[in-house]
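*Asks:* After the structure tokens below, expect a handful of questions from me.
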Amino acid sequence: MSVQTQTQQYVMHTYARKPVTLVKGQGAIVYDESGKQYFDFSSGIGVNSLGYSDPEWSLAIAKQSQTLQHTSNLYYTQPMAQLAEILCQRTNYAKVFFGNSGAEANEGAIKLARKYSFDRYGKSAQRYKILTLKDSFHGRTVTTLSATGQDVFHQSFDPFTPGFDYVVANDLADLTSKLDDQVCAVMIEFVQGEGGIHLLDKVYVQTLFELCAAKDILVIADEVQTGIGRTGRLLASEHYQVQPDISTLAKGLGGGLPIGAVLCNEKLADVFQPGDHATTFGGNPVVCAGAQVVLDKLTLQVLESVQQKEQLIRQHLEKMPEVKKIDGIGLMLGIQLESKTAAEVIDACLEEGLIVLSAKEKIRLLPPLTISAEELKQGLAILAKVLAD
Ligand SMILES: Cc1ncc(COP(=O)(O)O)c(C=O)c1O
């Protein structure tokens with residue numbers, strides 16, 4: 001039985017998979033079972049920040065798996081402690097909680113915000129509401145679907161977790177009208193990823209932070225897709241010169257192994273007490289050993305190179321047919337097309353040996369942060385050919 005038949009027979013049909021079975025990769029290139037090579041401009045949806053099989057990352061996880069692969073969170077382990085320190089120091093946060101995915105990180109952030117509010121103002125104040133942005137995406141659990149500001153996700157799984165309301169991104173009047181006494185937090189993506197690569201305006205963000213600070217309303221930044229160097233800074237919040245009370249991370253942090261993180265400031269550092277929150281695999285030593293390598297490798301120089309690569313991509317894209325507008329920042333870019341659909345471009349690229357993504361009607365590019373200029377140019381040449389056809 002082929003891998004594809006076996007998958008179709010035994011794995012629930014939750015993904016519209018392409019008819020390609022990937023077997024190995026190196027850097028920004030991945031190979032299918034026939035040996036065909038693809039430039040991967042998706043990084044497994046923003047996960048493989050160092051590309052495929054980075055030698056130091058692979059070695060770190062191999063070594064750790066031969067030493068201590070897992071313990072319960074009832075004991076201390078060095079890789080988790082070390083990763084926590086590096087992460088907090090590099091992001092200016094006080095403490096972190098480790099989980100396994102973006103949705104789980106956001107669930108943790110939501111719980112943390114509500115617990116802060118209940119501890120501080122009492123449950124009877126009913127200060128539990130969380131505002132999120134329309135077109136946001138925060139995950140697939142029932143609560144993070146509630147947080148996701150897109151009706152398309154609010155269909156088949158009722159009842160959803162109550163206590164969420166949605167505001168139009170970059171609309172300060174809408175925000176102001178909904179910041180009532182029941183709101184405990186506002187949750188934002190600085191650049192909406194799944195929602196279609198939309199950037200928040202600087203003035204909007206700065207005013208949102210001021211309005212929230214005045215009412216002790218927490219700001220949660222979902223940096224699951226934007227974080228860990230994707231936009232050319234370690235966190236996208238740095239572009240806005242703001243420090244959210246909570247930032248969530250996942251995807252790129254593990255470099256290819258599952259991890260989620262909830263970072264919080266000093267005000268929230270002791271809100272969670274033993275028993276309030278937990279997860280069996282959180283802070284897994286193997287994953288944390290790999291994540292340390294990711295952070296070690298994302299030096300200031302590498303982060304700056306992400307910004308240079310953005311310029312290189314833009315210069316090439318601007319000369320291509322079909323490219324109407326380029327949105328996004330760093331290596332998180334969305335291309336608005338003139339007349340072709342994202343689906344047809346994705347399929348044609350795949351045929352020619354290039355993996356790209358969509359974000360609503362746009363083509364989305366999320367190449368590995370370490371991709372070389374040569375690999376970028378070769379992949380872009382394929383895109384140019386597809387768009388010209
Ligand atoms: C901004 C954002 N938040 C949350 C998630 C959910 O992450 P995960 O799929 O790891 O649960 C995603 C995934 O695409 C995301 O882009």
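Just so you know, all these numbers are worked out from the coordinates, no wet-lab data involved. Keep in mind it's a predicted model, so treat the numbers as computed, not measured. With ideal geometry, Cβ positions are generated from the backbone for all residues, glycine too; neighbour counts draw on all protein chains shown.
*Asks:* When TYR204, TYR93 are ordered from fewest to most other Cβ atoms inside 10 Å of their Cβ, what list results?
*Replies:* Sorted ascending by nearby Cβ count, the order is TYR204, TYR93.
*Asks:* Out of all DSSP beta bridges with both ends in the chain, state the antiparallel percent to the nearest 5.
*Replies:* DSSP beta bridges in the chain are roughly 65 percent antiparallel.
*Asks:* Mind giving me the FRET efficiency for ALA343 and ASP180? R0 is 35 Å, r the Cβ-Cβ distance, nearest 0.05 is fine.
*Replies:* E between ALA343 and ASP180, to the nearest 0.05, is 0.30.
*Asks:* What does the extension gain come out to for GLN243 and PHE160, with contour length at 0.36 nm per residue minus their alpha carbon separation?
*Replies:* Using 0.36 nm per residue and subtracting the Cα-Cα distance, I get 26.9 nm.
*Asks:* Sticking with this one: List the aspartates and glutamates whose Cα lies under 14 Å from the Cα of LYS202, skipping any in the same chain that are fewer than 8 positions away.
*Replies:* The reachable aspartates and glutamates, counting only those whose Cα sits under 14 Å from LYS202, are ASP171, GLU189, GLU210, GLU238.
*Asks:* Same structure, new question: Aspartates and glutamates near LYS123 by alpha-carbon distance under 20 Å, same-chain residues fewer than 8 away left out - which ones?
*Replies:* The qualifying aspartates and glutamates are GLU107, ASP165, ASP180, ASP181, ASP216, ASP270, ASP276.
*Asks:* Taking 0.36 nm per residue of sequence separation and subtracting the Cα-Cα distance, how much length would be gained by fully extending the chain between LEU59 and LEU211, in nm to one decimal?
*Replies:* Gain on extension, LEU59 to LEU211, equals 50.0 nm.
*Asks:* Follow-up. Hey, could you grab the Kirkwood Rh for region 100-277? Inverse mean 1/r over distinct alpha carbon pairs, Å, one decimal.
*Replies:* With all distinct Cα pairs of region 100-277 included, I get 16.2 Å.
*Asks:* In this model, which of LYS297/LYS324; LYS24/LYS385; LYS297/LYS362 are farther than 28 Å apart at the alpha-carbon?
*Replies:* LYS297/LYS324; LYS297/LYS362
*Asks:* Count the net charge of all other residues whose Cβ sits under 11 Å from the Cβ of VAL242, scoring Lys and Arg as +1 and Asp and Glu as -1.
*Replies:* Counting the neighbours of VAL242, the net charge comes to -2.
*Asks:* So, one more: Determine, for ILE45, ILE217, ILE363, the number of other Cβ atoms within 10 Å of each Cβ, and report the residues in order from fewest to most.
*Replies:* Lowest count first: ILE45, ILE217, ILE363.
*Asks:* Continuing with this model, one more query. If R0 is 51 Å, what FRET efficiency do you get for GLN378 and ASN92 from their C-beta distance, rounded to 0.05?
*Replies:* Using R0 = 51 Å, I get an efficiency of 0.85.
*Asks:* To the nearest 10 degrees, how steep is helix 202-214 against the longest Cα principal axis of the chain, on a 0 to 90 scale?
*Replies:* Relative to the chain, helix 202-214 is tipped by roughly 20 degrees.
*Asks:* Which of GLN225, ILE326, TYR116 sits closest to the plus end of the dipole of the chain, meaning its Cα is farthest towards the positive end, when Lys and Arg get +1 and Asp and Glu get -1 on the C-beta?
*Replies:* Going by the Cα projections, it comes out as TYR116.
*Asks:* What is the sum of charges around THR176, taking Lys and Arg as +1, Asp and Glu as -1, for the other residues whose C-beta is under 12 Å from the C-beta of THR176?
*Replies:* -2
*Asks:* Could you work out how much longer the chain between MET320 and GLN8 gets when fully extended? Use 0.36 nm per residue separation minus the Cα distance between them, nm to one decimal.
*Replies:* 108.6 nm
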